[in-house]
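K.L.:
Below is the structure I would like to discuss, written out as structure tokens.
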Amino acid sequence: MQLSDAVVLVTGASGGIGAATAELLAARGARVVCAGRDEAALAAVAARCGGSALTADLREPGAVDALVEEVLTRYGRLDAVVANAGIGHAGAVAAMTAEQVTSLVDLNVRSTLLLGRAAAAAFTTQPPADRAICFVTSIAGAVGVSGESVYSATKAAVEAFALLLGEELRDQRVHVGTVLPGIVDTAFFDRRGAPYDRRVPRPVPPSRVARAVVDVLAGRRRRVVVPRWLAVPAWLAGAVPGPYRALARRFG
Ligand SMILES: NC(=O)c1ccc[n+]([C@@H]2O[C@H](COP(=O)([O-])OP(=O)(O)OC[C@H]3O[C@@H](n4cnc5c(N)ncnc54)[C@H](OP(=O)(O)O)[C@@H]3O)[C@@H](O)[C@H]2O)c1
């Protein structure tokens with residue numbers, strides 16, 4: 001799709017990957033709608049993008065539909081969506097509260113699937129045109145990170161959803177893709193309450209993930225692992241899961 005003048009909704013745009021994506025999209029001429037909860041941070045990103053800000057806690061019932069509805073009301077159309085809002089959690093499942101599990105699933109899966117549904121529904125009510133949806137998942141969903149079982153499962157769920165949503169919307173000129181970041185230098189780890197303490201993979205800047213998201217929206221790619229070399233373990237985990245898990249246990 002053409003990004004110039006396209007109306008693009010970016011969730012989780014108040015910081016990190018979402019903010020970097022919003023800014024890159026604006027630089028490519030898109031009209032960006034930045035969504036998140038932190039009003040001040042969102043306003044600052046929206047100002048840098050020359051776009052608008054919509055505050056919403058996506059875990060709230062009805063919030064996702066209301067968000068998409070508001071974009072349609074303000075702009076009269078929706079051309080693309082970056083489903084990026086997400087939270088992490090590190091620690092054994094048995095040590096998690098039921099509320100922590102629910103919260104991860106509510107944001108990372110439920111609200112993300114609802115956003116895919118709302119975008120697909122909005123696209124079908126508009127005249128045919130090239131449109132796109134990019135889901136920001138995680139390498140964790142492809143390889144399964146030890147100690148992050150619930151988080152990994154939420155991201156794997158979105159990968160499966162994106163694949164099949166893409167099949168459903170293929171004939172309607174909607175390109176659906178995913179970006180699977182490895183480790184990205186954002187507030188994600190502080191927010192989940194467990195800092196990133198491995199030496200490999202090294203964190204990449206959010207701008208690098210933003211470039212991959214733009215490539216997906218533009219229809220150049222369907223599934224992008226960032227950094228690229230992590231596509232090797234992702235492939236191995238799927239092709240030879242037993243040996244992969246043994247290696248992962250040995251080398252972390
Ligand atoms: N950083 C990494 O290493 C990494 C690796 C793989 C995948 N990812 C994925 O990348 C995505 C972006 O993460 P990030 O690294 O940029 O982290 P981040 O800086 O913490 O950004 C997370 C974004 O999600 C939004 N958000 C959180 N809870 C929300 C809620 N209940 N309702 C609406 N918005 C909410 C936040 O907005 P507010 O603060 O305004 O609520 C924020 O803009 C996530 O889906 C994450 O799983 C990150």
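The values are calculated or read from the model by the stated rules, or taken from the named source; none is laboratory data. Not measured: the values here are computed from a predicted model. A quick note on method: Cβ atoms are made from the backbone with ideal geometry, for glycine too, and the neighbour counts reach across all protein chains shown. SASA here: full protein model, heavy atoms, side chains in, ligands and nucleic acids out. Shrake-Rupley method; radii C 1.70, N 1.55, O 1.52, S 1.80 Å.
K.L.:
What are the residues whose amide H is under 5 Å from the amide H of Ala30, where those residues sit 5 or more places off or on another chain and H is modelled from the backbone?
P.N.:
The answer is Asp5.
K.L.:
Tell me, how many Å apart are the Cα centres for the range 14-52 and for the range 120-178?
P.N.:
About 21 Å separates the Cα centre of the range 14-52 from the one of the range 120-178.
K.L.:
Would you mind getting me the FRET efficiency between Arg37 and Arg208? Use the beta-carbon distance for r and R0 = 25 Å, nearest 0.05.
P.N.:
0.50
K.L.:
Where does each of Asp106, Asp171 land when they are ordered by accessible area, with a 1.4 Å probe and the largest first?
P.N.:
Greatest to least solvent exposure: Asp171, Asp106.
K.L.:
Now for a different question. Hey, can you find the accessible area per residue of the range 82-196 for me, probe 1.4 Å, expressed in square angstrom?
P.N.:
Normalised by residue count, the accessible surface of the range 82-196 is 42 Å².
K.L.:
Using a 1.4 Å probe over the heavy atoms of the protein chains, calculate the carbon and sulfur portion of the accessible area of the range 7-251 as a whole percent.
P.N.:
Details: 6280 of 11470 Å².
Carbon with sulfur: 55 percent of the solvent-accessible area.
K.L.:
Could you give the radius of gyration (one decimal) and Dmax (whole number) of the Cα atoms in the range 7-251, in Å?
P.N.:
Answer for the range 7-251, Rg first and Dmax second: 17.3, 54 Å.
K.L.:
With a 1.4 Å probe and every protein chain left in place, tell me how much accessible area Cys49 has, in Å² to the nearest 10.
P.N.:
So the heavy atoms of Cys49 present about 20 Å² to solvent.
K.L.:
Please list 3J(HN,Hα) in residue order for the range 188-204, calculated via the Karplus relation 6.51 cos²θ - 1.76 cosθ + 1.60 where θ = phi - 60°; whole Hz, with x for glycine and proline.
P.N.:
3, 6, 4, 5, 7, x, 9, x, 7, 10, 8, 8, 10, x, 6, x, 10
K.L.:
Let me ask something additional. If you take all C-alpha pairs in the range 119-252, what percent of them are over 21 Å apart? Present the calculation step by step, with values, prior to reporting the outcome.
P.N.:
Details: 4050 of 8911 pairs.
Tail of P(r) above 21 Å: 45 percent of Cα pairs.
K.L.:
Another one. Please identify, among Leu163, Leu67, Leu217, the residue showing maximal mean-square fluctuation in a Gaussian network model of the chain using a 10 angstrom Cα cutoff.
P.N.:
Among Leu163, Leu67, Leu217, the largest mean-square fluctuation in the Gaussian network model of the chain belongs to Leu163.
K.L.:
Still on this structure, please answer the following. Output the relative contact order of the range 118-207, whole-number percent, from Cα pairs under 8 angstrom with separation of 6+ residues.
P.N.:
Computed value for the range 118-207: 30 percent relative contact order.
K.L.:
Whole-Hz Karplus ³J(HN,Hα) for the range 212-228, in order, using 6.51 cos²θ - 1.76 cosθ + 1.60 and θ = phi - 60°, x for Gly and Pro?
P.N.:
Once rounded to whole Hz, the list reads 5, 4, 5, 4, 5, 4, 6, x, 6, 9, 10, 9, 10, 9, 10, x, 4.
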